[in-house]
Amino acid sequence: MVEKMRIVLRVNGEPREVYVEPGWTLLRVLREDLGLTGAKHGCGNGECGACTVIMDGKAVPSCLVLAASAQGKEIETIESLQTGGEHHPLQRAFIEHGAVQCGFCTPGMIMSAKALLDGNPDPSEEEVREALQGNLCRCTGYKKIVEAVMSVSGREG
Amino acid sequence: MVEELTIVGRSVAMKGSGEKVTGTAEYTVDMKLPGMLYAKILRSPHAHANIRGIDTSRAEALPGVRAVITHEEAKILYKVTHGSAREYGIDDRVRYHGDKVAAVAAVSEEVAEEALGFIDVDYEVLPAVFDMEEAMRADAPVVHPERDDVDGNILEHSVQEWGDVEKGFKEADHVFENRFTTQRVCHSALEPHAMVASWDGDGNLTMWSSEQTAFMIRDSLAEAFQMPRSKIRFIVPPHVGGGFGGKYESAEKIVVALLARKAGRPVMLRLSREEVFHTTRTRSPCIFETKTGVKEDGTLVAREVRAIVDVGAYAWGAIMASRAASYMTLLYRCPNIRYVGYGVYTNTPPSGAMRGFTSTPIHYAMESELEEIAYAIGMDPTEFRLKNALNVGDIIPINSKPVTSSGLREAVIKGREAIGWERRQRVPGSEGGVKRRGIGMACYSHYAPMLKSTERSVGNAVLKINVDGSFHLLLGVPDIGQGLRTIMAQIAAEALGGRLDEISVTLADTSVTPWGTTTAASRSTQETGGAVKMAAGRMKGRLLELASDIMGIPVERLDAKDGVVFAKGVPEQGLTFKDILNHPDVFQSGENVIVTKATYNVPTFIPPYGTAFADVEVDTETGQVRVLKMVAASDVGRAINPQSVEGQLEGGMQMGIGYALTEVLRLHPETGAPLNNSFMDYKVLRAGDMPEMEVIIVEPVDPNSVYGTKGIGEMSVIPMAPAVRNAIYNATGARVHDLPITPEVLLKALREKEKC
């Protein structure tokens, strides 16, 4: 048995105590230990973006982040976006623009878009595509996703 | 009379998208059952070998391991969907690098993975064959020697003929011949395959799995385990993270069920991305030798294709070898056609269905050749195609039935306007320079849902009303992310005069829903939609009867809309469905419990017709191709949910451009080992790689289909690769024959052109 260590993560504004093995990733801890299954395991190599969360303001593939190294960092997951039963504007835009099909890439897409808009509320379409370059989608061709993000940035049409 | 529709034909948000954007949508991988174990599969390091011996004792002794199985327990035949496809749970012979050898269930994936390293296998390595043409030779290693119904490695051999091609070629003024090849690709759905099996103490099996069919798998499992179907419950969870043809044929379900039985605990298997690329079904690589004869005026007089389809080690893809013939008959008139197809086993990853199954590869070959013919005889490629296109009323040779609707002409006219067709080069490759622009196009048809009169296409639906006037719709087919649940609710709401948001849809649970086929072959809107419309019509009829008694108005003078029954012309004075069900006469008598069901036999297949146009820029020094704009103009019949149709067509472009330019699963030529089974090395197009996209929906309402719809799920991928290829031809004059068109392939074609 590998010995586990105690760490405290700040997830969606709350401190969460977990016991982890040294090799465990943030994605594993979020999904298996904290029950936050919105972040998806699509590849395990940081190549598909389905596991994207925001860490200290930056979108990161949580499958490449060791849980232990996330100690003390501020982590936001898709589960934090809806407040008081209301969808976040990005969530609403994804629904209304038809940017969701199978939905497996959606939480990661939205977190990448949120990290972009948090730092740059008025991005160009090129900047949106650049910010989503790490998030694969196999259903939509990205068009409606980009349109949804642009609509929130106030640059639609 | 034209039906007035208010819900069908309207863009509505997909049901379930609220769950998906909040991260609460549950996929198979998100499941957790009490005591659940995790499985891992030991995969063969050899492309072809007999397993002489296997010792699992060291693995079983590892702490945390709960069950290990090998061929000794799992050599159970698994037959899904197609008779000639046969695979065992685990065999004592491996037939490709990555084939199943043994499986472990343990308390964690880490322990299961570790245990695989403690399984000792004695392989007798056998000669392997990786090339489909080599596999056809008499002296080639035989992949399935146990099958006496297979001639060497040739699983399928199909000859189909209409008219007399020899005579046709004699009558032709010009004859063109080519050889095209297409590659092995992976569906690359974002959700990796996952499944859970659980046995109860009474010997009942429940399985949850991310699949495109529930009932066909349940039926196969029942046969495999010799169990009555009632003792197996197969559930496709409400959310499936993409299918595209890749999610229903894996024999892992046998393995996971056996592990769970042996361990006495639920077991989950989730494939790694590497396994998805290398061990799940792939689109078959193909070779097409084509020959086409035309008259001086562009009339097609003879067409011949010899196709070889590499069906890999396990071969659901084999039916492609015979079905590809259909596409020689669906789109253009030609009196003389011959198709010869071979489906050939090799020691490579298994083949299976993929979007535009049996259709996408042969369209690439045919439409590439036709584009070149048009330029060679001095015709506009769009006019050349329209001149030969089947028109409404023409008989389709493959099933001897007439075309009942076609939007091809409208699609071509609108598509060429959208792309700026007049900007193409009149003589391909005539403009100089390092960077060259070109425009190309391709047309397509597809069968949806089923082709031949001998095949049945049947949908079932059950509809129940609650006492408050809301509904449950039960259907046997899953939603794989494309929006089936929403489309079915729209059809139900329209046909019964109900409210869309008051219809909840339960799918693909063999103990709850009626039998259903598969969510595949662009069939569900027709097949299951037809049953939904009928069941909803019956529900409405019953509600009108009850309302008639209450209101004292004859049924024929009543109608329903938005959940209210009213006398025609007096919509403001109505009874809600809830009022009807709670009326004392109805409630006391138990008449308020209403369940309707319907079975819909699809009367004939209704092909969609469409086209794609591509505008590209080619760098003739580096061989790089940039697609600048892509237009998909498609005849979709009536669009039930236009936004959803657009989304599917746009998604098809992503897959189709990838097929044209970047996607290929490569194997080591000597060992058959995977060379690029990751998203790093297998290039799926990303947001920044996409061109400007324009979707044009053409809606010729077909009189024979449900609300005039046609299946479109597969459509937009089909014409993409030839349109891109033809745009490259237009830009450079280089005659590319092989997919994908990597810089290497293109530079070679450019050099060949210089030689001419």
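The values are calculated or read from the model by the stated rules, or taken from the named source; none is laboratory data. Nothing here was measured: the structure is a model prediction, and the numbers come from that model. When we count neighbours, we look across all protein chains shown, and the Cβ atoms used for this are built from the backbone with ideal geometry, even at glycine.
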Requested in this report: From the list A:PRO107, A:PRO89, A:PRO61, pick out the single residue that is over 22 Å from B:MET680 (Cα atoms) and out of contact with any Pro (no Cβ under 9 Å at 6 or more places or on another chain).
Outcome: A:PRO89
Query raised in the report: Mind checking which residues of the range B:393-422 are touching a residue at least 60 places away in the same chain (Cβ under 8 Å), in a helix (DSSP H, G or I) and of a type in the set (Lys, Arg)?
Result: B:LYS414, B:ARG416
Report task. Could you identify the single residue in B:ARG265, B:ARG333, B:ARG261 that is modelled with pLDDT of 95 or more, over 24 Å from B:GLU371 (Cβ atoms) and in contact with a Leu (Cβ under 7 Å, 6 or more places away or on another chain)? Result -> B:ARG265
Query raised in the report: Can we say B:GLY652 is in a helix (DSSP H, G or I), under 23 Å from B:LYS710 (Cβ atoms), in contact (Cβ under 8 Å) with a residue 40 or more places away in the chain and under 20 Å from the mean Cα position of the chain (by Cα)?
Result: yes
**Report entry** Those residues of the range B:662-710 which are in a strand (DSSP E or B) and either away from chain A (no Cβ under 14 Å) or within 23 Å of the chain's Cα centre (by Cα) (or both), in sequence order
**Finding:** B:LEU667, B:PRO674, B:MET693, B:GLU694, B:VAL695, B:ILE696, B:ILE697, B:VAL698, B:THR709
Query raised in the report: Are any of the residues in the range B:429-447 at pLDDT below 95, closer than 20 Å to B:ASN601 by Cα and assigned by TED's automatic domain parsing to the domain that holds B:VAL717?
Result: yes
Query raised in the report: aromatic (Phe, Trp, Tyr) and not assigned by TED's automatic domain parsing to the domain that holds B:THR70, is that true of B:PHE118?
Result: no
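Matching residues to (1) within 14 Å of another protein chain (Cβ to nearest Cβ); (2) in a loop (DSSP other than H, G, I, E, B); (3) touching a residue at least 24 places away in the same chain (Cβ under 8 Å); (4) touching a helix residue (DSSP H, G or I) at 6+ places or on another chain (Cβ under 9 Å):
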residue	(1), (2), (3), (4)
B:GLY242	yes, yes, yes, no
B:GLU249	no, yes, yes, yes
B:ILE254	no, no, yes, yes
B:ALA257	no, no, yes, yes
B:ALA260	no, no, yes, no
B:GLU275	yes, no, yes, no
B:THR292	no, no, yes, yes
Requested in this report: Report, by residue number, each residue of the range B:320-348 that is touching a Pro at 6+ places or on another chain (Cβ under 8 Å) and not in a helix (DSSP H, G or I).
Outcome: B:THR329, B:LEU330, B:ILE337, B:ASN347
Query raised in the report: In the range A:26-48, what residues are within 12 Å of chain B (Cβ to nearest Cβ), touching a strand residue (DSSP E or B) at 6+ places or on another chain (Cβ under 6 Å) and within 25 Å of B:GLU19 (Cβ to Cβ)?
Result: A:ASP33, A:ALA39
Report task. Look at B:THR622 and say whether it is assigned to a strand (DSSP E or B) and either free of Cβ contacts under 8 Å to residues at least 40 places away in the same chain or farther than 21 Å from B:GLU410 by Cβ (or both). Result -> no
Query raised in the report: Across the range B:234-250, what is the total count of residues that are surrounded by fewer than 24 Cβ atoms within 10 Å (Cβ to Cβ) and under 16 Å from B:GLU275 (Cβ atoms)?
Result: 0
Report task. Among the candidates B:SER322, B:SER351, single out the residue that is buried (at least 24 other Cβ atoms within 10 Å of the Cβ), polar (S, T, N, Q) and closer than 23 Å to B:ASP149 by Cα. Result -> B:SER351
Query raised in the report: Does the range B:603-611 contain at least one residue that is in the same structural domain as B:SER400 (by TED's automatic domain parsing), polar (S, T, N, Q), in a strand (DSSP E or B) and crowded, with 21+ Cβ neighbours inside 10 Å?
Result: yes
Report task. Select from the range B:400-414 the residues that are surrounded by fewer than 20 Cβ atoms within 10 Å (Cβ to Cβ) and at pLDDT below 95 and write down the one among them that is farthest from B:ARG638 (Cα to Cα). Result -> B:SER400
Report summary line: Note on the range B:184-202: residues more than 10 Å from B:LEU269 (Cα to Cα), outside any loop (DSSP other than H, G, I, E, B) and not polar (S, T, N, Q) are B:VAL185, B:TRP199
Requested in this report: Could you tell me whether B:GLU646 is in a helix (DSSP H, G or I) and free of Cβ contacts under 8 Å to residues at least 60 places away in the same chain?
Outcome: yes
Query raised in the report: Of all the strands (runs of 3 or more DSSP E) wholly in the range B:1-101, which have at least 2 residues that are within 32 Å of the chain's Cα centre (by Cα) and either more than 14 Å from chain A (Cβ to nearest Cβ) or at pLDDT 95 or above (or both)?
Result: B:37-43
Query - Positions within the range B:459-478 being assigned to a strand (DSSP E or B) and not polar (S, T, N, Q), in sequence order - result: B:GLY459, B:ALA461, B:VAL462, B:LEU463, B:LYS464, B:ILE465, B:PHE471, B:HIS472, B:LEU473, B:LEU474, B:LEU475
Query raised in the report: Which of the residues that make up the range B:699-712 are out of contact with any Lys or Arg (no Cβ under 7 Å at 6 or more places or on another chain) and either among the acidic types (Asp, Glu) or within 30 Å of A:ARG129 (Cβ to Cβ) (or both)?
Result: B:ILE712
Report summary line: Counting only residues that are closer than 22 Å to B:VAL462 by Cα, without any contact (Cβ under 8 Å) to a residue 60 or more places away in the chain and outside any helix (DSSP H, G or I), the range B:537-563 contains a total of 0
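Residues checked against (1) of a type in the set (S, T, N, Q); (2) surrounded by fewer than 22 Cβ atoms within 10 Å (Cβ to Cβ); (3) in contact with a strand residue (DSSP E or B) (Cβ under 8 Å, 6 or more places away or on another chain):
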{"residue": "B:MET14", "(1), (2), (3)": "no, no, no"}
{"residue": "B:GLY18", "(1), (2), (3)": "no, yes, no"}
{"residue": "B:THR22", "(1), (2), (3)": "yes, yes, no"}
{"residue": "B:LYS40", "(1), (2), (3)": "no, no, yes"}
{"residue": "B:HIS46", "(1), (2), (3)": "no, no, yes"}
{"residue": "B:ALA61", "(1), (2), (3)": "no, yes, no"}
{"residue": "B:GLU73", "(1), (2), (3)": "no, yes, no"}
{"residue": "B:ARG86", "(1), (2), (3)": "no, yes, yes"}
{"residue": "B:ASP99", "(1), (2), (3)": "no, no, yes"}
